[in-house]
Amino acid sequence: MRGPEGRGSRSATFEARPNIALVKYWGVRDRTRALPYNSSLSVTLDRLRTRTRVRFDPKLGSDRVVLNGQEASGGPRDGVVRFLDRVREASGERSAAEVVSDNNFPTASGMASSASGFAALAGAASRAAGLRLSPRALSQLARFGSGSASRSVFGGFVEWRAGTRADGADCYARPLYGPGHWPELVDLVVLVRGAPVKEVRSQEAMQWTVATSPEYARRLSELPRRLAAIRSAIARRDPDRLFPRVMEECDSFRSVCETTRPSLDYLTVTSRAVLTEVRAFNRERGRPRAAYTHDAGAHVHVFTLRREAGRLRARLARVPGVESLTLLRPGPAARPLGPNV
Ligand code: DP6
């Protein structure tokens, strides 16, 4: 039987892709409502995906979470269970659930899996619980699992608006341009060897920055103009305007991390050498032809134009400690797979 009455089991499957932020989300103004201090902007990526099946079943005694073939426990399980509780509360569903989630990319691939993971979980759990959410409402739900997950609900170029209302009604993600908007733009993902395992989740670390970095207030005051400039450079498909601003934003993000106490230092010597190479590449080309960016980790995403990618790739492959280079493009929105059963 279907519906929230609780007899029989109900399941749904959803697929979502990771994203890389060009304007970073870093700082929460309201933890209960998961509201960020600033709006952010990202590109959803193709090829990589998380696929998640959720089944609510009254016969289950407690929630069961299987991530990449392994029964989850501790923090990762707790995060999923808390998220399921929220869906149960919104839908009236009372059963425990089984969650089975797989990534087609290794966790250590440099792609944050929390964005695609919680976007897929939000879609699968809400459908299995009988909720029919609009993509906007889905983005509002997904952010409770992971802020960046709100953006993975949509494909292509996506903005997550921070909003100003205390109740969060105007805080949601929205698609700016679809994945086919700028076919020339590609993301060369540079994986570095020996990237340290992340010990603290970003949603935790960013609050240390808010509390301790003397640079944070200035960053926030600069962001509206930078975001507008990046949005308009994307609208015009203008690399000369986009690339310098993307690097400026990444540098600002890195600077508030490094001035956090204790300091958040996510890069390795190799990551830093990659940034240096991208700067040198632009100097030699005489125009901005590439832009680096990185999240709270050591791997680097280098945006460039398709016609420059071969030359840049050969150059970055020579940087000692670079493990692999993968070319990705903007990818599609999250979506349900198959009928609910
Ligand atoms: C640096 O809260 O989405 O990637 O704690 O891993 O779930 P988790 O991350 P999240 O923070 C993302 C921070 C960022 C920037 C960004 O994606 O906007």
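Structure notes:
- Spatial offset of segment 316-341 relative to segment 247-288 amounts to 22 Å, using the alpha carbon center of each.
- Degrees, to the nearest 10: 306-317 long Cα axis against longest axis of the chain: 80 degrees
- Helix 239-258 vs. the chain, principal-axis angle (Cα, 0 to 90°, nearest 10): 70 degrees
- Only protein heavy atoms count here; on that basis, with a 1.4 Å probe, Leu133 has an accessible area of about 70 Å².
- Heavy-atom accessible area per residue - the chain, 1.4 Å, Å²: 43 Å²
- Rel. contact order, % - alpha carbon contacts under 8 angstrom, at least six apart, the chain: 24 percent
- Segment 196-221 and segment 289-310: distance between their alpha carbon centers, rounded to Å: 23 Å
- At full extension, Ala169 and Arg283 could sit 36.6 nm farther apart than now, given 0.36 nm per residue minus the alpha carbon distance.
- Surface composition of the chain: carbon plus sulfur atoms contribute 50% of the solvent-accessible area (1.4 Å probe, protein chains only, all chains present).
- Around Arg151: net Lys/Arg minus Asp/Glu count, Cβ-Cβ under 11 Å: +3
- One decimal place: the segment Arg132-Arg306 gains 58.7 nm when fully extended, by the rule 0.36 nm per residue minus the C-alpha distance.
- Cα centroid of segment 17-36 to Cα centroid of segment 78-153, whole Å: 15 Å
- Three-way shape label, segment 185-328, alpha-carbon gyration tensor, a/c 1.5: oblate
- Between the Cα long axis of helix 113-128 and the first principal axis of the chain there is an angle of about 30°, rounded to the nearest 10.
The values are calculated or read from the model by the stated rules, or taken from the named source; none is laboratory data. All figures in this text were calculated on a predicted structure; none of them were measured in a lab. Here the Cβ is made from the backbone with ideal geometry for all residues, glycine too, and neighbour counts use every protein chain on show. SASA here: full protein model, heavy atoms, side chains in, ligands and nucleic acids out. Shrake-Rupley method; radii C 1.70, N 1.55, O 1.52, S 1.80 Å.
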